[in-house]
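Some notes on the structure that comes next.
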């Protein structure tokens, strides 16, 4: 083989190549090049060149034009016994490494089963995101990764590390969610912290093979709806969200669907007498008795004399029923003052016992008014419902006190009318 005078690499096309071994023209591969101490090595700005000879690295060169002589390759004298000066031939491999061009890689985890803390059940999840890499240590990269290849591109990178990357990412992600008790409801709010944690875990892995992890992001973590289990979980979450919004229980929703089917059967004649009986029972019966559309438990009423909760027609106290927490949507016994799952205070409707938010003005289930405007008794300063004629605490009549300008109802403690600003008295 002839001695090569110039060695350089000018990448062609859109393909991202991380490492490329110089080959003689018209030769697909070779074990070594015939170089000399007059050979010119040209390295571009984004590259680093590394020379191997007899299984050893004999030199590394950054951007610029270099003459391969015994001054910048002192190992040549020991390996080949080359003297100073003259055109001395030797055999070597020349690798060019792309160090500056980062590579953005999309990743995804197709399935991971985790016990969700929000719904207290196993849920299949999928996750995806993006990470960026660039070579930081060309020598380490070539020795540990490239091996016997003639070039190493982005496809080689993703195929070689996909399995290990996915396994490590999945394990770390699940541990983070379990240890920090993060459920599917709150997962979107923690994507940044999870991404930072995963990036910290993955850094040593990539540094060990000569890469710098320039970025790491998680785009989304969600229920895997491609599986039958995931579809059922997704449907259950959607139904629960709808029930929370409209204020209907699961039993009421199911009863309504059954009643609708029975009525449809009556309208087209296929229901017959049985359909009529079922539909009548759904709607409460002819005589006004409670039907299936009514919950299968006595709605609690609150006795104003003793503050106890009793069933509508029961003379003796009934066992506490289960209610849905207005904050976390989990069920708990109605005799508890606070939700045992999230600690939210139980604010029951005085008519049906449904738990409502403290700021709710009407019950989400039956529409009962919850918040009543209050005023102060001018005699004992006790709270009384607005518009009352007498104080429920001291029994004194509540004197009329109206604004002389606009006629608005005022209390003695008010110095100025809140509607028109007129001074009181």
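The values are calculated or read from the model by the stated rules, or taken from the named source; none is laboratory data. Note that the structure is a prediction, hence the values are computed from the model and not measured. No Cβ is skipped: glycine too gets one built from the backbone with ideal geometry, and neighbour counts run over all protein chains shown.
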Take the residues in segment 8-19 that are surrounded by 13 or more Cβ atoms within 10 Å (Cβ to Cβ) and assigned to a loop (DSSP other than H, G, I, E, B), then tell me which one is modelled with the lowest pLDDT. 16
So which residues in segment 20-53 are in contact with a helix residue (DSSP H, G or I) (Cβ under 9 Å, 6 or more places away or on another chain) and either modelled with pLDDT under 85 or farther than 25 Å from residue 144 by Cα (or both), if there are any at all? 37
When residues of segment 194-212 are filtered for being in contact with a strand residue (DSSP E or B) (Cβ under 7 Å, 6 or more places away or on another chain) and either closer than 24 Å to residue 116 by Cα or outside the structural domain of residue 142 (by TED's automatic domain parsing) (or both), how many remain? 4
May I ask you to list the residues in segment 167-187 that are without any contact (Cβ under 8 Å) to a residue 12 or more places away in the chain and part of a helix (DSSP H, G or I)? 167, 171, 175, 179
Selection from segment 79-112 of residues more than 26 Å from residue 37 (Cα to Cα) and modelled with pLDDT under 80 yields 100, 101, 102, 103
Filtering segment 349-371 down to residues that are surrounded by 18 or more Cβ atoms within 10 Å (Cβ to Cβ) and part of a strand (DSSP E or B) yields 355
Taking residue 90, is it out of contact with any helix residue (DSSP H, G or I) (no Cβ under 9 Å at 6 or more places or on another chain), surrounded by 15 or more Cβ atoms within 10 Å (Cβ to Cβ) and either assigned to a loop (DSSP other than H, G, I, E, B) or at negative phi (or both)? no
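Rundown of residues vs (1) touching a helix residue (DSSP H, G or I) at 6+ places or on another chain (Cβ under 8 Å); (2) closer than 30 Å to residue 116 by Cβ; (3) at pLDDT 90 or above; (4) not assigned by TED's automatic domain parsing to the domain that holds residue 122, yes/no style:
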| residue | (1), (2), (3), (4) |
| --- | --- |
| 155 | no, no, no, no |
| 158 | no, no, no, no |
| 168 | yes, yes, no, no |
| 177 | yes, yes, no, no |
| 186 | no, yes, no, no |
| 192 | no, yes, yes, no |
| 214 | no, no, no, no |
| 218 | yes, yes, yes, no |
Could you identify the single residue in 149, 111, 140 that is surrounded by fewer than 18 Cβ atoms within 10 Å (Cβ to Cβ) and within 16 Å of the chain's Cα centre (by Cα)? 111
Kindly indicate whether residue 421 is over 24 Å from residue 323 (Cα atoms), surrounded by fewer than 16 Cβ atoms within 10 Å (Cβ to Cβ) and modelled with pLDDT under 75. no
